[in-house]
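Undergrad: This is the structure I have questions about; it appears just below.
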Amino acid sequence: MKFRGLIAGTLFSTLILIGSCQKPLSTHVDTRSQTRPSGLPEFHQRGGLPNFFQKVKEGRDVKVAYFGGSITEAGDGWRSMTFNWLRINYPHTPFTEINATIGGTGSNLGVFRMDHDILEQKPDLVFVEFAVNDFGRSSHQINQSMEGIIRKIWKANPNTDICFVYTLAENVLQEIQDGHYQATAQTMEKIADKYQIPSIHMGVEVARLAKEGKLVFTGKPEENPGKIVFTTDKTHPLSKSGHPIYASVVRKYLTEMEEMIGEKPHGLPTPLIADNWETSQLISLSELPPSAHWQKLPADHEVVKAFSKSMPSIYQPTTPNAILRIKFKGTTLGFYDVIGPKSGILEVTLDGVKKEVQRFDQFCHYYRRSSYFLDGLSDSVHEVTVRVPRTGFDKAAILQKRNIKIDDPSRYAENGWYLSNLLLVGNLLSLQWD
């Protein structure tokens, strides 16, 4: 589908009308890829989505999960556009959407969230989108978490289909225009090829339009008449003009993949890397005995109300003497927490070595889910203690990096910690707080 001459407001309605003419379904197997005029493929079919389309053809209940960061989380974005397209294009199939997105997080947190946020709901198709938020991680780190995600899904249900989708930010635009996927997508492609998972790069079409002068990647719509303005912040597509491009690309290749149908369980080959995170665990603190130094936040607390869906329990140290002690055998320990105006500094001691960890950054004028990891450890026994000393520091200077001013100092006066779960690759030996 071409975008020459299309205005943003008609883009998605046009793709729905075109998409309503369905192709006949068949059992044809095709591993084709689709290449844009630039020479860069935006689609690799590989094993397709046979189980998903088999259920769609039969009109059975189908659950579609969207797993990614803020680009996929957007309320009026490609996620809702493609899900609505499915409902319109296949009106006899009851669809349920699973929105398992968290802005600002990558696959390294995602792999730990799998069981609670996705697998418990038994999806039939999982879109996985982490190419932007995994930026800066090494290929090995991406392999650990992304391969762990695949193997977790197929261990839970080998008939669940997976589709990788790649987005882009302005920092990789030139690379794509030069005919190369960004580093994160290149790494994910090797995993997709290993497991024969279809992949769609939504950013190739954006890069093409920008190169032809028809799209301004970052700008203000009112200052660029006659052109598509993709984003105003270098990353997040505008709902009226950016997300419809993403949605149309996904829709186009979903239509192509409907030719491949059938109940085809996915096997698990030998892992690409032996230390992938398929054994990752999300560990609850709810079994710990009551402590005078820790409290479970009440249901009416502002942080609990904001995140109760993905974080049923959130804990907070009540004194500077509060200590969390963890002993485990494994390679990675993480903390799934909430950071924001009242979060502060942690004192973390790993195997006798102490360091300060700041759980406050330039975005902490609001609360958001986050994570912190101790990784790359030897696969042996480790001991960790965490204390929250409530040490004061210059939050105003940190926020000033984004020109945010503190207008209500009381919102930032506390220097605490909001902890939900532990994230572990390995075996927990002991856990206590005092």
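The values are calculated or read from the model by the stated rules, or taken from the named source; none is laboratory data. Worth saying up front: this structure is predicted, and the values here are computed from it rather than measured. All Cβ positions, glycine included, derive from the backbone under ideal geometry; neighbour counts span all protein chains shown. Remember, those area values only see protein heavy atoms, side chains included, never the ligands or the DNA or RNA. Shrake-Rupley method; radii C 1.70, N 1.55, O 1.52, S 1.80 Å.
Undergrad: Condition check: open to solvent by 70 Å² or more (accessible area, probe 1.4 Å), over 30 Å from residue 125 (Cβ atoms) and free of Cβ contacts under 8 Å to residues at least 24 places away in the same chain. Does residue 305 satisfy that? Show your work before the answer.
TA: Numbers: open to solvent by 70 Å² or more (accessible area, probe 1.4 Å): yes; over 30 Å from residue 125 (Cβ atoms): yes; free of Cβ contacts under 8 Å to residues at least 24 places away in the same chain: yes.
It is true that residue 305 is open to solvent by 70 Å² or more (accessible area, probe 1.4 Å), over 30 Å from residue 125 (Cβ atoms) and free of Cβ contacts under 8 Å to residues at least 24 places away in the same chain.
Undergrad: Looking only at residues in region 54-74 that are part of a helix (DSSP H, G or I) and touching a strand residue (DSSP E or B) at 6+ places or on another chain (Cβ under 7 Å), which one is surrounded by the most Cβ atoms within 10 Å (Cβ to Cβ)?
TA: Residues of region 54-74 that are part of a helix (DSSP H, G or I), as a first pass: 54-58, 70-73.
Next, only the ones that are touching a strand residue (DSSP E or B) at 6+ places or on another chain (Cβ under 7 Å) stay: 55-56, 71-73.
Working: 55: 20, 56: 23, 71: 28, 72: 26, 73: 19.
Among those that are part of a helix (DSSP H, G or I) and touching a strand residue (DSSP E or B) at 6+ places or on another chain (Cβ under 7 Å), it is 71.
Undergrad: Taking the options 174, 186, name whichever one is in a helix (DSSP H, G or I) and surrounded by 15 or more Cβ atoms within 10 Å (Cβ to Cβ).
TA: Details: 174 fails: surrounded by 15 or more Cβ atoms within 10 Å (Cβ to Cβ).
So the residue among 174, 186 that is in a helix (DSSP H, G or I) and surrounded by 15 or more Cβ atoms within 10 Å (Cβ to Cβ) is 186.
Undergrad: Inspect region 329-341 for any residue being open to solvent by 30 Å² or more (accessible area, probe 1.4 Å) and β-branched (Val, Ile, Thr) and give the result as yes or no.
TA: So in region 329-341, the residues open to solvent by 30 Å² or more (accessible area, probe 1.4 Å) come out as 329, 331.
Applying the additional criterion that residues be β-branched (Val, Ile, Thr) yields 331.
Scanning region 329-341, I find at least one residue that is open to solvent by 30 Å² or more (accessible area, probe 1.4 Å) and β-branched (Val, Ile, Thr), so the answer is yes.
Conditions (1) more than 27 Å from the chain's Cα centre (by Cα); (2) not basic (Lys, Arg), marked per residue:
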{"residue": "319", "(1), (2)": "yes, yes"}
{"residue": "325", "(1), (2)": "yes, no"}
{"residue": "345", "(1), (2)": "no, yes"}
{"residue": "357", "(1), (2)": "no, yes"}
{"residue": "374", "(1), (2)": "no, yes"}
{"residue": "398", "(1), (2)": "no, yes"}
{"residue": "410", "(1), (2)": "yes, yes"}
{"residue": "416", "(1), (2)": "no, yes"}
{"residue": "434", "(1), (2)": "yes, yes"}
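Undergrad: Residue 429: hydrophobic (A, V, I, L, M, F, W, C) and surrounded by 15 or more Cβ atoms within 10 Å (Cβ to Cβ), yes or no? I'd like the intermediate steps shown before the answer.
TA: Numbers: hydrophobic (A, V, I, L, M, F, W, C): yes; surrounded by 15 or more Cβ atoms within 10 Å (Cβ to Cβ): no.
It is false that residue 429 is hydrophobic (A, V, I, L, M, F, W, C) and surrounded by 15 or more Cβ atoms within 10 Å (Cβ to Cβ).
Undergrad: Please name all residue pairs, on different chains or six or more residues apart, with Cβ atoms under 6 Å, provided the first residue is in region 161-177 and is touching a residue at least 24 places away in the same chain (Cβ under 8 Å) and the second residue is of a type in the set (Phe, Trp, Tyr) and outside any helix (DSSP H, G or I).
TA: What qualifies is 163/127; 165/127; 170/217; 173/217.
Undergrad: How many residues are more than 16 Å from residue 339 (Cα to Cα), open to solvent by 60 Å² or more (accessible area, probe 1.4 Å) and out of contact with any Lys or Arg (no Cβ under 8 Å at 6 or more places or on another chain) when one looks only at region 366-386?
TA: Looking only at that region, the number is 3.
Undergrad: Under 6 Å between Cβ atoms, which residue pairs at least 6 apart in sequence (or on different chains) link something in region 137-156 that is without any contact (Cβ under 8 Å) to a residue 40 or more places away in the chain and closer than 11 Å to residue 276 by Cβ with a partner that is assigned to a helix (DSSP H, G or I) and open to solvent by 20 Å² or more (accessible area, probe 1.4 Å)?
TA: Matching pairs, first to second residue: none at all.
Undergrad: Just give me the residues in region 403-419 being in contact with a Pro (Cβ under 8 Å, 6 or more places away or on another chain) and over 15 Å from residue 390 (Cβ atoms), in sequence order.
TA: Passing the criteria: only 411.
Undergrad: With (1) open to solvent by 10 Å² or more (accessible area, probe 1.4 Å); (2) under 26 Å from residue 409 (Cα atoms); (3) of a type in the set (S, T, N, Q) as the list, and residue 313 as the residue in question, which single condition is left unmet?
TA: (2)
Undergrad: So in region 117-166, with the set limited to residues that are assigned to a helix (DSSP H, G or I) and either within 14 Å of residue 51 (Cβ to Cβ) or of a type in the set (Lys, Arg) (or both), which one is most open to solvent (accessible area, probe 1.4 Å)? It would help to see each step written out before you state the result.
TA: Residues of region 117-166 assigned to a helix (DSSP H, G or I): 117-121, 139-156.
If we keep only those that are either within 14 Å of residue 51 (Cβ to Cβ) or of a type in the set (Lys, Arg) (or both) too, we end up with 151-156.
Values: 151: 19, 152: 18, 153: 1, 154: 12, 155: 123, 156: 66 Å².
The residue in question is 155.
Undergrad: Okay, next question. Taking region 220-248, which residues are open to solvent by less than 60 Å² (accessible area, probe 1.4 Å) and either more than 23 Å from residue 135 (Cα to Cα) or out of contact with any Phe, Trp or Tyr (no Cβ under 8 Å at 6 or more places or on another chain) (or both)?
TA: Applying the first criterion (open to solvent by less than 60 Å² (accessible area, probe 1.4 Å)) to region 220-248 yields 224, 228-231, 235, 237-239, 241-248.
Answer for region 220-248, where residues must be open to solvent by less than 60 Å² (accessible area, probe 1.4 Å) and either more than 23 Å from residue 135 (Cα to Cα) or out of contact with any Phe, Trp or Tyr (no Cβ under 8 Å at 6 or more places or on another chain) (or both): 224, 228, 229, 235, 239, 241, 244, 248.
Undergrad: Restricting to region 75-116, name every residue that is in a loop (DSSP other than H, G, I, E, B), of a type outside the set (Val, Ile, Thr) and either open to solvent by 30 Å² or more (accessible area, probe 1.4 Å) or modelled with pLDDT of 95 or more (or both). Let's see the steps before the verdict.
TA: The initial filter retains those residues of region 75-116 that are in a loop (DSSP other than H, G, I, E, B), namely 75-77, 90-94, 102-106.
From what is left, the residues that are of a type outside the set (Val, Ile, Thr) are 75-77, 90-92, 94, 103-104, 106.
Residues satisfying the conditions are 75, 76, 77, 90, 91, 92, 94, 104, 106.
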